[in-house]
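One structure is given below, encoded as structure tokens.
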Amino acid sequence: MSRKRVLICDDEPAICESVSFIVDQEGYEAVTAEDGDEGLRLIRTSAPDLVLLDVMMPGMTGFELCREIKSHEATRDIYVILLTAAGQERDRTDGYASGADEYMTKPFSPRMLRQRLHELLDGSP
Amino acid sequence: MRRPGIVATFAISSAAILFVLGIAVTAYSLMQIRSVLYDEAQRRVEAQALNWIEANTPQIVLANADVLSRLIADFAARERLAYALLEDPAGRVLAQTTVPADLRSESSDIVATTARSRVYGMMAADGVHYLEVATPVSASGTGMSRDLSSMFSIVSGGQSLATLRVGIDTRELEGRLRALVWTNAPLYSGLVLLAVVIQVVLMRRLVRPIAAIGRAARSVAAGDLSTAVAPGATLENEVGELVRNFNDMVARLEENRTDMQALHAGLEHKVWERTAQLEALNAKLVEADRLKSEFLSTVSHEFRTPLTSIKAFAEILLDAPPEDRQQRQRFLGIIDSESDRLTRLLSDLLDLAKIESGFLEWRFAEIDVREPVQQAVAAMMASARAKDISLELSAPVSCQVRVDGDRIQQVVNNLLSNALKFCPEGGRVSVSVECFEPRGRTCTADGSYARVSVSDTGSGIPQADLPRIFDRFFRGSNVARGVKGTGLGLAISREIVLRHGGEIWAESEPGRGSVFRFTVPLAAVKDNAATANVSEEWGHHE
């Protein structure tokens, strides 16, 4: 059985590094991208099971990328979590409007992330 | 029934008055005329009686009845008397004509008394009235002169021999009176009518302007202020004055209305203007509000980003630290540098807030602008060398300016750090200071300024981004990954330059690097002109 793959797409390298460290520690495969275009390319080529998207990125935003993912047959089933640092209500609704499965605010807690990863990828906490 | 107008009322009352007056005057006149007629009749009859008496006294003395009867009959016939009779002092009739039956006096009063006779009013059985003149026949009536007669009568005792009573049928007199009335009445009525007509005509001439004023007033009340009353406008009397005053009044009302309309239009325009102003202001406020929300959103994002790394790595190190010490150190390093980043962000944000709200304490002094520039360049030397970038300064001429030196240094520092950030290794950053005193054309408000330029050989800035690079948190579309700027440096620099009364802008061609320039006005020093650089170079202004 191959490991579950998690893609993290964020323009802050430190965040990419912290998340991929956590993902790796939990036994999954981490893939990183530092902008939306690269993220989309990697999704198509590496078929991740779960995607963590930063909302505020230059170029293609997290919302747009999410809509892209969800509008294609091949990628629709990928679980999308949107990460955002702007905590306004409108972003949450925009997030769900774009088809995201989940919404997380920054700063996030690694403990919470670990638990969520297991819930989603293992089917058990 | 509609009440009659002025003219009709006047005509009716006028006619009534004239009529009543006429009747009164006529009645009085008739009275006078009757009196005169009767008087005249009396005298005539008396004169005739006296004549007859004088002529026939001898006969009377002789008292021959037949002769007397004949004489008296002739007399009566000749003079057309109603009757005549001669009676003696005792009352016995000596001679008479036909005397109306039952003749008696109307009253015991004598109607009149003349010199010689007495006049009585008599009435007969058939109701006819007679005027009787009773003239005494005295012995003195013998053809002598009056004086002698009276002498004689005195001598003879003045006794009356007989009395001649002559009667006039008053119907004759009354008839004459009536004829008078009947001939005069039409004439008089005609005159009254003429008078009334003349008055009506005159009245109408007066009333016409008044009626015209009435109509005009109604039309003015209905809103037509162009009416003017024509009839009577030229009259010299009170009515004419009324008409002219009315016309003046209407003209003034019209003026007033025009003024009011102009005022109203003016006010409406003002209201429209003010509304437009308020709408524009409101739009600005709405925009400002939106910008504020956007700003808060961006600031929130800017703070949360480094915090995310700090929290993530701190928790990782606490719960499940990596076994590799190097990795642990690395994580701690990231926590450290992200904390620094947060600090810089906070500090820059506070700086910006202070400058914008006016709370920053500026320390202006008159200095050579080259000083803060040189200090900033010196501070950056080490970083430039570390990236193998050559950093040059060209500042041949002294420029006296009135500035806050520390803040200017902050600006140059910011521009330099940006330049070094975006300049590749081996590139070149040049700084220059120039003094401008252009002749004729004005660049800044007071026409002379110092200009500092920082140019780099980096990748340049796209044209689309140029207007926005001084905005807060703007990082550009192709900014290098992980560049740890706060995004506020240029915004702060701009605020500082603007507060000095200068301008700041950037020139760039993608692929050929960029030049950032800012100006500050020269201090007004009298003897500086000679040493100034009078180059007429014009920079690009935003």
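The values are calculated or read from the model by the stated rules, or taken from the named source; none is laboratory data. Only a predicted model underlies this, so the values are computations on that prediction, with no experimental measurement involved. Note: ideal-geometry Cβ built from the backbone for every residue, glycine included; neighbour counts use all protein chains shown.
Here are some notes:
- B:Leu235 fulfils the conditions (1) surrounded by 12 or more Cβ atoms within 10 Å (Cβ to Cβ); (2) in a helix (DSSP H, G or I) except for a single criterion, (2).
- Which listed residue, of B:Leu206, B:Leu193, is among the aliphatic types (A, V, I, L, M), surrounded by 14 or more Cβ atoms within 10 Å (Cβ to Cβ) and over 26 Å from the mean Cα position of the chain (by Cα): B:Leu206
- Scanning the range A:26-52 for residues that are buried (at least 18 other Cβ atoms within 10 Å of the Cβ), out of contact with any Ser or Thr (no Cβ under 8 Å at 6 or more places or on another chain) and among the hydroxyl-bearing types (Ser, Thr, Tyr) returns a single hit, A:Tyr28.
- Of the criteria (1) within 25 Å of B:Pro521 (Cβ to Cβ); (2) part of a helix (DSSP H, G or I); (3) out of contact with any Leu (no Cβ under 8 Å at 6 or more places or on another chain), which one B:Leu350 fails: (1)
- Filtered residues of the range A:33-51 (kept if more than 12 Å from chain B (Cβ to nearest Cβ), of a type outside the set (D, E, K, R) and either over 19 Å from A:Arg3 (Cα atoms) or in contact with a helix residue (DSSP H, G or I) (Cβ under 9 Å, 6 or more places away or on another chain) (or both)): A:Gly36, A:Gly39, A:Leu40, A:Ile43, A:Pro48, A:Leu50, A:Val51
- Of everything listed in (1) out of contact with any helix residue (DSSP H, G or I) (no Cβ under 8 Å at 6 or more places or on another chain); (2) under 15 Å from B:Ala491 (Cα atoms); (3) surrounded by 12 or more Cβ atoms within 10 Å (Cβ to Cβ), the single unmet condition for B:Gln327 is (2).
- Note on the range B:106-121: residues that are among the hydroxyl-bearing types (Ser, Thr, Tyr) and at pLDDT 80 or above total 2.
- Across the range A:62-85, the number of residues qualifying as in a loop (DSSP other than H, G, I, E, B) and either in contact (Cβ under 8 Å) with a residue 60 or more places away in the chain or more than 12 Å from chain B (Cβ to nearest Cβ) (or both) comes to 8.
- Total residues in the range B:172-195 satisfying the condition of being among the small types (Gly, Ala, Ser) and more than 21 Å from B:His129 (Cβ to Cβ): the figure is 4.
- If only residues of the range B:498-515 that are of a type outside the set (Asp, Glu) and within 57 Å of the chain's Cα centre (by Cα) are counted, the one that is surrounded by the fewest Cβ atoms within 10 Å (Cβ to Cβ) is B:Leu498.
- Of the residues B:Cys423, B:Cys399, the single one that is touching a residue at least 24 places away in the same chain (Cβ under 8 Å) and over 22 Å from B:Arg475 (Cα atoms) is B:Cys399.
- Top-ranked residue of the range B:7-41 - restricted to ones that are surrounded by 11 or more Cβ atoms within 10 Å (Cβ to Cβ) and among the aromatic types (Phe, Trp, Tyr), ranked as farthest from B:Thr170 (Cα to Cα): B:Phe10
- Reported count of residues in the range B:287-339, each being under 15 Å from B:Asp471 (Cβ atoms) and touching a residue at least 40 places away in the same chain (Cβ under 8 Å), is 4.
- Annotation: of all residues in the range B:289-317 being of a type in the set (A, V, I, L, M) and farther than 20 Å from A:Gly27 by Cβ, the one that is farthest from the other protein chains (Cβ to nearest Cβ) is B:Leu291.
- For the range B:194-210, a residue qualifies if it is touching a residue at least 24 places away in the same chain (Cβ under 8 Å) and among the hydrophobic types (A, V, I, L, M, F, W, C), and the qualifying residues are B:Ala195, B:Val196, B:Val200, B:Met203, B:Leu206, B:Val207, B:Ile210.
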